[in-house]
Amino acid sequence: MAQNREPAVPDDEGFSPGPSPGTVRAGDGRVLPVPAGWVLVAPGDAGLTRRVKAAGDHWVVREKVGRRSFSRGVWAAAEIVERIRAELMAERSTEAYAAKKQAAAARRQIGQAAYVEDFHKAVTAFLAFHPNHCELADRVALAVTRHATPVGSGTVARTKRIPIERRAEAAVIAWMRHQTTGYDGMTIPRIKGKRREVRRMLARRSQELLEIYRRGEPVDGGCLLRKAVGAEGNETTSVS
């Protein structure tokens, strides 16, 4: 291994991708060459990444896109990566490992089903429609839940940073923005804060519409909320 390589940095600092292959950019802006003999472990195999990071020097690479930060992999010594990869392959080829994976998948499925049910209840509670509109509330809750809860969907329903009640509210407003407003077809000026301003305006309109249903007022059949869920159809209200 090259003796002039930069020392590893703590995981909570890390690097961003460099301007050219085989380089990274440090937090202070310096562009550093990747140490000789190191390889990039691409994201996607959590077990491999976890063991490589625990095995010794490594460089974590993350890239910020908008407000979100995405893993771009971990650089580490090739001999360490290959050794750990071989160990994992041996472990993962056993019947015991297959049984463990199957049991873990079953637990995740049970947990997902429970979360879908809890989220559906939270959405229904947020809607709080008058009994006059209970059927519509069921349809909206079902539509929002189906859209927001799939694993990997990246919606607000999948975050654990806020209570489920706030997730439900945010998911309803986001769903309504796309289903009951002209947001998707709008031409919004590329001015800082303008898109957020438009979203807030549309959110207020959505809340005003929801209040009508909460008060139990009659709504004509042309309501976009009713159209979005096919209120005149015979859709089931099961969340399974």
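The values are calculated or read from the model by the stated rules, or taken from the named source; none is laboratory data. Note that this is a predicted model, so its numbers are computed, not measured. Don't worry about glycine lacking a Cβ; one is built from the backbone with ideal geometry, like all the others, and counts go over all protein chains shown.
Worth pointing out:
- For region 74-86, taking the residues that are touching a residue at least 12 places away in the same chain (Cβ under 8 Å) and surrounded by fewer than 18 Cβ atoms within 10 Å (Cβ to Cβ), the one that is nearest to LYS192 (Cα to Cα) is identified as ALA78.
- Hey, ASP118 in the same structural domain as VAL151 (by TED's automatic domain parsing), part of a helix (DSSP H, G or I), within 28 Å of the chain's Cα centre (by Cα) and surrounded by 15 or more Cβ atoms within 10 Å (Cβ to Cβ) or not: no
- Filter result for ILE110 (touching a helix residue (DSSP H, G or I) at 6+ places or on another chain (Cβ under 6 Å), among the aliphatic types (A, V, I, L, M) and not in a strand (DSSP E or B)): no
- Scanning region 24-42 for residues that are modelled with pLDDT of 95 or more, assigned to a loop (DSSP other than H, G, I, E, B) and not small (Gly, Ala, Ser) returns VAL34, PRO35.
Here is a yes/no grid of residues against (1) of a type outside the set (Val, Ile, Thr); (2) modelled with pLDDT of 90 or more; (3) closer than 14 Å to ALA137 by Cα:
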{"site": "ARG196", "(1), (2), (3)": "yes, yes, no"}
{"site": "LEU209", "(1), (2), (3)": "yes, yes, yes"}
{"site": "GLY216", "(1), (2), (3)": "yes, yes, yes"}
{"site": "GLY222", "(1), (2), (3)": "yes, no, no"}
{"site": "THR236", "(1), (2), (3)": "no, no, yes"}
{"site": "SER240", "(1), (2), (3)": "yes, no, no"}
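- Here ASP138 fulfils each of the conditions (1) loosely packed, with under 12 Cβ neighbours inside 10 Å; (2) acidic (Asp, Glu); (3) in contact with a Ser or Thr (Cβ under 9 Å, 6 or more places away or on another chain) apart from (1).
- Residue selection: PRO21 fails the criterion of being more than 22 Å from the chain's Cα centre (by Cα), at pLDDT 95 or above and in a loop (DSSP other than H, G, I, E, B).
- A residue that is in a strand (DSSP E or B) and at pLDDT 95 or above cannot be found anywhere in region 93-103.
- Test: residue in region 140-150 that is touching a residue at least 40 places away in the same chain (Cβ under 8 Å), closer than 20 Å to LEU209 by Cβ and either of a type in the set (S, T, N, Q) or not in a helix (DSSP H, G or I) (or both): yes
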